[in-house]
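**Q** Quick one: the structure is below, and I'll ask about it shortly.
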Amino acid sequence: MFDTEVCQIGMALVSADGTIDTIGILIDPEQDFESFNVDLHGIDEETVQGALTFEMALQSLRPFLERHILIQHSNFDKQAFNAACSAYRIPALRTKWLDSVQIARRAWPELKGNGGHGLGSLKDHLNLNFEHHDAKEDARAAAEVTLLAEEKTGQSFSELSESKKRQHMYQPSLAVEGNQQGPLYGHVACFTGQLTMSRVEAATFAAGAGITVKIGVSKKVTLLVVGDQDMTLLAGHDKSSKHRRAEELKEQGHDIKIVGESEFMKLIDSKSGH
């Protein structure tokens with residue numbers, strides 16, 4: 001018998017432009033349904049009649065899921081997947097799980113002790129529109145919470161998921177207009193990843209050379225400056241949302257250059273005559 005009923009898998013797929021597509025898959029847990037759970041999510045034996053078992057569904061989904069970072073709201077989904085994998089005696093998912101509760105705590109610390117960071121509280125605070133306790137709807141809500149947190153803080157979901165100790169290593173981004181007399185006036189830059197200097201210092205150097213600095217990546221940005229160590233990350237969601245957005249714009253033909261911090265500083269030095 002399973003430790004947790006898995007009767008539905010819900011996924012929210014977020015594209016680089018923030019579009020969210022959802023997928024809901026009914027699962028036959030091959031066990032009796034607890035009445036409490038049926039009252040909660042409305043799924044019973046009749047609902048899942050003819051549905052795939054967890055083992056069958058995961059066999060199909062595993063190659064896709066293991067290529068991406070998975071975000072859950074609390075640790076429930078990971079525990080449920082691990083319990084079901086153990087019950088079927090199949091390997092657990094080899095992927096990285098992040099928690100949108102932790103992401104929400106970083107973005108809206110004022111909710112601690114004032115409703116908390118559960119989806120119910122965030123639904124009211126952020127004016128979200130979803131049906132709670134439906135796996136597909138909850139997945140979309142977690143995605144929306146993550147995107148709103150990125151928008152509010154100017155940080156990627158991976159940065160917001162860092163431990164507090166590591167989080168303190170990231171400095172807040174700064175928007176500033178470039179010096180019109182600077183040799184690089186007309187360029188617009190955005191910073192992402194861990195730099196050796198603070199974001200304020202980086203923005204100051206850039207503005208002095210004429211570069212306008214923005215917090216987020218848009219079609220106006222001509223330079224995305226990435227921390228040198230972050231330039232070596234693998235493709236996909238191991239890169240920050242800013243990095244992925246810049247690559248998408250580049251592929252669409254926009255004139256945006258992605259450079260490491262060292263290359264960026266050499267550019268400023270060469271243009272400034274240092």
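**Q** Can you find, within segment 173-199, the residue that is most open to solvent (accessible area, probe 1.4 Å) among those that are under 14 Å from G216 (Cα atoms) and not in a loop (DSSP other than H, G, I, E, B)?
**A** The selected residue is V176.
**Q** Here's a follow-up. Which residues, counting only those in segment 103-138, are outside any helix (DSSP H, G or I) and either open to solvent by less than 40 Å² (accessible area, probe 1.4 Å) or touching a residue at least 12 places away in the same chain (Cβ under 8 Å) (or both)?
**A** At the first step, the residues of segment 103-138 found to be outside any helix (DSSP H, G or I) are 108, 112-118, 127-134.
Once the filter is applied, which keeps residues that are outside any helix (DSSP H, G or I) and either open to solvent by less than 40 Å² (accessible area, probe 1.4 Å) or touching a residue at least 12 places away in the same chain (Cβ under 8 Å) (or both), segment 103-138 yields W108, G116, H117, G118, L128, F130, H132, H133, D134.
**Q** Of the residues E34, E46, only one is of a type in the set (D, E) and in contact (Cβ under 8 Å) with a residue 24 or more places away in the chain; which?
**A** Being of a type in the set (D, E) and in contact (Cβ under 8 Å) with a residue 24 or more places away in the chain holds for just one of E34, E46, which is E34.
**Q** Limited to segment 1-23, what total is found for residues that are open to solvent by 40 Å² or more (accessible area, probe 1.4 Å) and small (G, A, S)?
**A** Number satisfying all stated conditions: 2.
**Q** Considering only segment 70-81, how many residues are in contact with a Phe, Trp or Tyr (Cβ under 9 Å, 6 or more places away or on another chain), farther than 13 Å from M11 by Cβ and not in a helix (DSSP H, G or I)?
**A** Of the residues in that region, 1 qualify.
**Q** In segment 24-46, which residue that is part of a helix (DSSP H, G or I) and either open to solvent by 50 Å² or more (accessible area, probe 1.4 Å) or among the polar types (S, T, N, Q) (or both) is farthest from G120 (Cα to Cα)? Show your work before the answer.
**A** So the first thing to find is which residues in segment 24-46 are part of a helix (DSSP H, G or I), and the list is 35-41.
Among the residues that remain, those that are also either open to solvent by 50 Å² or more (accessible area, probe 1.4 Å) or among the polar types (S, T, N, Q) (or both) are: 35-37, 39-41.
Numbers: S35: 22, F36: 19, N37: 18, D39: 17, L40: 14, H41: 15 Å.
Checking each candidate, the answer is S35.
**Q** Given the conditions (1) of a type in the set (G, A, S); (2) at pLDDT below 90; (3) assigned to a loop (DSSP other than H, G, I, E, B), report the number of the one that S270 does not fulfil.
**A** All conditions pass for S270, except number (3).
**Q** Among all residue pairs at least 6 apart or on different chains, which show Cβ distances below 7 Å where the first residue, located in segment 65-94, is among the small types (G, A, S) and the second is open to solvent by 50 Å² or more (accessible area, probe 1.4 Å)?
**A** A83/D3; A92/N82
**Q** Given (1) at pLDDT below 90; (2) more than 24 Å from L13 (Cα to Cα), identify the lone condition not met by G210.
**A** Status for G210: all satisfied but (1).
**Q** While we're on this one: Of the residues that sit in segment 229-259 and are at pLDDT below 70 and assigned to a helix (DSSP H, G or I), which one is most open to solvent (accessible area, probe 1.4 Å)?
**A** T232
**Q** Just a yes or no: is a residue in segment 105-116 within 20 Å of G10 (Cα to Cα), within 17 Å of the chain's Cα centre (by Cα) and of a type in the set (A, V, I, L, M)?
**A** No, segment 105-116 contains no residue that is within 20 Å of G10 (Cα to Cα), within 17 Å of the chain's Cα centre (by Cα) and of a type in the set (A, V, I, L, M).
**Q** Working carefully through the options V221, V200, find the one that is over 18 Å from the mean Cα position of the chain (by Cα), β-branched (V, I, T), modelled with pLDDT of 90 or more and farther than 25 Å from E66 by Cβ.
**A** Residue meeting the stated conditions: V221.
**Q** While we're here: Checking F76 against (1) crowded, with 16+ Cβ neighbours inside 10 Å; (2) within 27 Å of R105 (Cα to Cα), only one condition comes out false. Which one?
**A** Only one criterion in (1) crowded, with 16+ Cβ neighbours inside 10 Å; (2) within 27 Å of R105 (Cα to Cα) is unmet by F76, namely (1).
**Q** To continue, here is another question. Please specify each residue of segment 47-65 satisfying the condition of being open to solvent by less than 50 Å² (accessible area, probe 1.4 Å) and part of a loop (DSSP other than H, G, I, E, B).
**A** Passing the criteria: V48, A51.
The values are calculated or read from the model by the stated rules, or taken from the named source; none is laboratory data. A quick note: this is a predicted structure, and the numbers were derived from the prediction, not measured. Note that we place each Cβ from the backbone using ideal geometry, even for glycine, and neighbour counts take in every protein chain shown. Note: areas computed on protein heavy atoms with side chains; ligands, DNA, RNA excluded. Shrake-Rupley method; radii C 1.70, N 1.55, O 1.52, S 1.80 Å.
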